[in-house]
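A short reminder: the numbers here are calculations on the coordinates, not readings from a lab. Keep in mind the model is a prediction, meaning the values are calculated, not measured. Reconstructed Cβ throughout: ideal geometry from the backbone, glycine too, with neighbour counts over all protein chains shown.
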Amino acid sequence: MLYGGSHPSTNTKAVEGVRLYTIIVYDVGVERVNRVRKYLRTWMEWVQNSVFEGELTTSELERIKHGLSKMIDEQHDSVFIYTTRTEKLIKKYVIGVEKNVPSQII
């Protein structure tokens, strides 16, 4: 079951156009991993095995949640979605190798 309505920290039914910094972490059956990863790569940056992050509009996030709910087996798989208004509100510490460093093109 994907949550999103009753708890204030997971409510994404906000004003359209608002961008949310989003982290998605998943643990799905091996037969669904490639499909989920490919789907999320169309929307977000891959940063670690089973972890994606990026800025999304509220409507994009709703589309992703709907798409994921069709792909996963809700009896065995799990998807965690964390959102905040901006990446600046999160301190990120990496110990060891950062698997996918976003390139900054000037």
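Sorted fewest first by neighbouring Cβ atoms within 10 angstrom, Lys65, Lys99 come out as Lys99, Lys65. Report the far tail of the P(r) of region 8-87, meaning the percent of Cα-Cα pairs longer than 15 Å. Value for region 8-87 (Cα pairs over 15 Å): 53 percent. Per-residue Cβ neighbour counts within 10 Å put Glu31, Glu60 in the sequence Glu31, Glu60, beginning with the fewest.
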